[in-house]
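Reviewing the structure listed below.
The values are calculated or read from the model by the stated rules, or taken from the named source; none is laboratory data. None of these values were measured; they are calculated from a predicted model. Positions of Cβ are backbone-derived with ideal geometry, glycine not excepted, and every protein chain shown enters the neighbour counts. Side chains included, ligands, DNA and RNA excluded: accessible areas come from the protein's heavy atoms. Shrake-Rupley method; radii C 1.70, N 1.55, O 1.52, S 1.80 Å.
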Amino acid sequence: MEINHSFYIKPIFIFLITLTTLNGQDNYQNGAWSDPIPFDLVPVAVANLPDGRLITWSSKFHDNFGGEDGFTFTQIFDPSIGADGDVLARTVTQTNHDMFCPGITNLPDGRIMATGGSSSERSSIYNPTTETWIRADDMNIPRGYHGAVTLSDGSTFTIGGSWSGGEGNKDAEIWRPETGWRVLSGLQNEILWNVNDSDSEGQGIYRLDNHAWLWPAPNGKIFHAGPGETMHWIDEKGNNGNGSFSSAGKRLNDTYSMNGNTVMFDIGKLLKVGGSGTYALDSPANENSYVIDINDENNVQTIPTLNSMENARVFVSSVVLPNGEVLIVGGMDKADDFSDTGAYLTGEIYNPDTNSFRTVASMQVPRTYHSAGILLNDGRVFIGGGGLCGNCDDLNHFDAEIYSPPYLFNTNGSLATRPEIEAPEVADYNSDISVTGTQGIVEFSLIRFSSATHSVNNEQRRIPISFSENAGAYNLTIPNRELLPPGNYMLFALDSFGVPSISETVRVGSALPVENLPNLVLDLKFEEGTGINVVDSSGNGNNATIVERDNNKNPIPVTQSYWTSDGLFGNAMEMDGKEFESNSIVEVPYSDSMASIDEELTVMAWVYRDEIEKNVAILSHDYPSLFFGFHNSLYKLEFPTNNGSSVNCYVGYSPAQKWVHIAATFDGQVGRLYANGVEICSDLASGQINLESSEQF
Ligand SMILES: [Cu+2]
């Protein structure tokens with residue numbers, strides 16, 4: 001009995017030891033996956049938040065898509081809870097925007113912008129500080145599956161998107177909080193494909209302008225890398241501000257690669273993987289992989305990788321790692337949307353030093369169409385979702401998995417000790433920052449906070465940072481905005497074993513001011529939030545005062561606060577909306593600089609009207625010597641000139657319950673009204689603007 005017993009124990013003991021050792025080597029070579037982490041929705045879209053958490057969302061359903069009823073299921077994932085992270089309660093976002101299949105950008109101030117998709121003209125912005133989505137101004141062109149990216153000046157750029165809001169005519173648009181959306185008529189969606197692409201794409205224009213790969217480049221232009229055959233340089237400022245473009249050649253013999261992707265893993269270097277010749281229809285995945293070097297504008301180089309990926313993939317995610325390697329994960333062998341047949345569970349890692357791929361550990365759940373992968377701020381990788389197809393039960397993946405890359409392990413498979421760093425929260429361009437930390441760090445890199453859906457993540461980029469060390473005190477040199485578009489970055493430090501730190505969040509740069517306006521007379525930002533003074537930021541000292549008046553129009557002490565923190569960006573003023581006998585008004589005294597307005601005038605404002613019944617003056621002076629605002633449902637610019645002519649622009653435009661950007665201009669010949677960047681009224685007039693009375697504005 002006893003002998004038998006010991007005989008049994010011993011082999012089992014040896015077997016366990018062997019398994020542990022193999023497992024250990026396995027972690028060090030192949031990395032390791034968590035078990036699936038359950039979600040209450042299919043996470044189709046995902047974005048990094050400044051505190052390390054992720055925001056994920058599906059559509060107006062948690063398990064399906066279709067229609068555009070104006071809300072979205074969202075869920076926050078917190079990787080810092082427990083070993084594998086945890087998911088917070090599911091919420092429903094009401095911004096009149098079904099954010100399924102959007103463009104996503106990470107704004108310079110850390111907020112997340114989602115545009116178009118099922119609600120094809122809408123824009124919504126998530127504020128991680130207040131943990132709420134707000135509605136932003138509508139795009140001029142409705143779209144879904146468009147390409148979107150943050151530019152080096154902080155603007156959001158978008159192009160294409162015939163999947164939603166009608167086919168074709170999806171010209172580029174650009175957005176700034178100060179000016180709203182503006183169409184770039186020189187950049188039509190047709191630039192995104194050539195004749196070979198349209199011959200290849202079995203679903204026509206509906207798909208040809210989908211998911212553009214867009215990269216702000218070291219030369220300050222936008223590099224369009226695919227998925228069409230021909231690459232382009234796009235200059236959104238060219239052609240008098242309407243946008244211009246030129247060919248940057250082809251990716252050698254690569255073909256149309258829809259639902260493949262590119263990722264910037266080093267300065268001006270993109271890795272291209274995967275894709276297929278048609279969006280769906282079981283079109284086979286292609287195995288063409290290249291490094292595209294865009295550092296020389298006149299000599300864009302496409303270099304084939306040394307080997308191909310083991311698995312040619314479509315609907316694939318690429319995630320750049322702190323050490324410059326790229327994890328290729330998910331996808332399948334053919335473009336069969338809403339199927340897991342042919343899915344690849346094995347991950348592959350591209351190593352830029354060897355210019356080749358190797359296979360690594362396999363996850364448990366297929367991640368095909370409608371899956372999304374993204375880097376976590378601790379150097380692990382999140383991939384979740386797949387499906388969102390209603391009654392397709394086993395294809396709906398209400399979960400995510402976390403990958404720990406090999407660099408997190410010792411050779412025996414135990415978790416490696418990670419270097420530690422402390423960095424400032426903000427950094428400026430072309431200047432140094434001081435970072436303290438573990439001695440002997442050999443590499444620093446900044447990886448931009450990003451966002452992913454439908455295989456595309458145009459926001460992620462890794463930029464290595466040069467530095468010097470003095471016994472754990474590091475001096476890092478932050479390069480220019482062309483390399484680092486403004487926004488939040490993860491600062492990683494790597495030790496001599498290649499083990500990365502947990503990252504520090506650094507806000508790099510900020511959006512450029514819209515433009516230097518030497519003739520700016522009055523600029524009220526309404527940021528004060530308290531009191532009765534409103535500061536003029538134009539430099540002319542036209543500071544304003546909040547005034548209440550009695551029934552005889554005499555000023556009385558202000559009785560209440562008209563401030564709200566619910567502005568489109570920051571604070572705003574809430575006024576009663578009465579044109580005459582208003583009891584709340586912001587008054588600007590008459591001054592030399594105001595009186596100097598004579599030949600030309602531009603007035604712009606962001607406005608949110610609760611209702612359309614009232615007359616609202618946005619800027620008026622000694623009525624009717626100047627009126628800009630709303631007469632009930634009419635949008636209006638009116639003033640007489642000094643020679644008896646007058647501008648009388650009236651147009652039926654009465655937006656309510658949403659933020660709109662309104663503007664009026666007069667150039668000495670024509671008065672014009674704009675709404676969200678589109679001209680909607682004009683009226684000829686001659687003579688000069690005549691603001692002679694000394695009454696306040
Ligand atoms: Cu989709």
Legend entry - Cβ-Cβ under 7 Å pairs, at least 6 apart or on other chains, the stretch 415-435 side farther than 12 Å from Asn480 by Cα, far side of a type in the set (D, E, K, R) and open to solvent by 60 Å² or more (accessible area, probe 1.4 Å): Glu425/Arg507; Val426/Arg507; Val435/Glu422
Inset, instruction - Say whether the condition of being open to solvent by less than 40 Å² (accessible area, probe 1.4 Å), part of a loop (DSSP other than H, G, I, E, B) and under 30 Å from Asp592 (Cα atoms) is met by at least one residue in the stretch 500-522. - result: yes
Inset, instruction - Kindly provide the set of residues from the stretch 380-396 that are within 16 Å of the ligand (Cβ to nearest atom) and buried (at least 24 other Cβ atoms within 10 Å of the Cβ), ordered by number. - result: Gly384, Gly385, Gly386, Gly387, Leu388
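So that you can scan it fast, the table gives a plain yes or no per residue for (1) in contact with a Leu (Cβ under 8 Å, 6 or more places away or on another chain); (2) of a type in the set (D, E, K, R):
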| site | (1), (2) |
| --- | --- |
| Lys237 | no, yes |
| Lys250 | no, yes |
| Ser283 | no, no |
| Ile292 | yes, no |
Inset, instruction - Within the stretch 380-401, count every residue that is under 21 Å from the mean Cα position of the chain (by Cα) and at positive phi. - result: 1
Legend entry - Criterion: farther than 29 Å from Ala427 by Cα and assigned by TED's automatic domain parsing to the domain that holds Leu192 - qualifying residue of Ile125, Ile112, Ile104, Ile141: Ile141
Legend entry - Elements of type strands (runs of 3 or more DSSP E) contained in the stretch 587-644, each with 3 or more residues being open to solvent by 30 Å² or more (accessible area, probe 1.4 Å) and out of contact with any helix residue (DSSP H, G or I) (no Cβ under 8 Å at 6 or more places or on another chain): 601-608, 616-621, 634-640
Legend entry - Residues of the stretch 418-471 classified as within 16 Å of the ligand (Cβ to nearest atom) and of a type in the set (S, T, N, Q), total: 4
Inset, instruction - Might you check whether a residue that is touching a residue at least 12 places away in the same chain (Cβ under 8 Å), open to solvent by 20 Å² or more (accessible area, probe 1.4 Å) and away from the ligand (no atom under 16 Å from the Cβ) occurs anywhere in the stretch 148-159? - result: yes
Legend entry - Selection from the stretch 116-150 of residues that are under 29 Å from Gly228 (Cβ atoms) and of a type in the set (Phe, Trp, Tyr): Tyr145
Legend entry - Residue in the stretch 37-48 that is nearest to the ligand (Cβ to nearest atom), counting only those that are closer than 15 Å to Ala372 by Cβ and assigned to a loop (DSSP other than H, G, I, E, B): Val44
Inset, instruction - Would you point out which residue out of Gly52, Gly70 is away from the ligand (no atom under 16 Å from the Cβ), assigned to a loop (DSSP other than H, G, I, E, B) and under 16 Å from Trp133 (Cβ atoms)? - result: Gly70
Legend entry - In the stretch 315-334, the residues that are farther than 26 Å from Asn210 by Cα and open to solvent by 10 Å² or more (accessible area, probe 1.4 Å): Asn323, Glu325
Inset, instruction - Output the residue which, of all residues in the stretch 335-359 that are touching a residue at least 12 places away in the same chain (Cβ under 8 Å), touching a strand residue (DSSP E or B) at 6+ places or on another chain (Cβ under 6 Å) and open to solvent by 50 Å² or more (accessible area, probe 1.4 Å), is farthest from the ligand (Cβ to nearest atom). - result: Thr359
Legend entry - strands (runs of 3 or more DSSP E) enclosed by the stretch 408-463 - at least 1 residues per element that are open to solvent by less than 10 Å² (accessible area, probe 1.4 Å) and among the polar types (S, T, N, Q): 443-448, 451-453
Legend entry - the stretch 364-379, subset under 16 Å from Ser404 (Cβ atoms) and crowded, with 22+ Cβ neighbours inside 10 Å, residue farthest from the ligand (Cβ to nearest atom): Gly379
Inset, instruction - Kindly establish whether Asp63 is within 16 Å of the ligand (Cβ to nearest atom) and touching a residue at least 12 places away in the same chain (Cβ under 8 Å). - result: yes
Legend entry - Whichever residue in the stretch 663-675 is in contact with an Asp or Glu (Cβ under 7 Å, 6 or more places away or on another chain) and open to solvent by 40 Å² or more (accessible area, probe 1.4 Å) and, among such residues, is farthest from Asp137 (Cα to Cα): Asp667
Inset, instruction - Could you identify the single residue in Val678, Val660 that is closer than 17 Å to Gly180 by Cα, open to solvent by 20 Å² or more (accessible area, probe 1.4 Å) and of a type in the set (A, V, I, L, M, F, W, C)? - result: Val678
Inset, instruction - Please name all residue pairs, on different chains or six or more residues apart, with Cβ atoms under 7 Å, provided the first residue is in the stretch 676-697 and is on the phi > 0 side of the Ramachandran plot and the second residue is open to solvent by 40 Å² or more (accessible area, probe 1.4 Å) and of a type in the set (D, E, K, R). - result: Gly677/Arg182
Legend entry - Residue list for the stretch 387-412, filter: of a type in the set (Gly, Ala, Ser), touching a helix residue (DSSP H, G or I) at 6+ places or on another chain (Cβ under 9 Å) and within 21 Å of Gly85 (Cα to Cα): Ser404
Inset, instruction - State yes or no: is Glu692 open to solvent by 60 Å² or more (accessible area, probe 1.4 Å) and part of a loop (DSSP other than H, G, I, E, B)? - result: yes
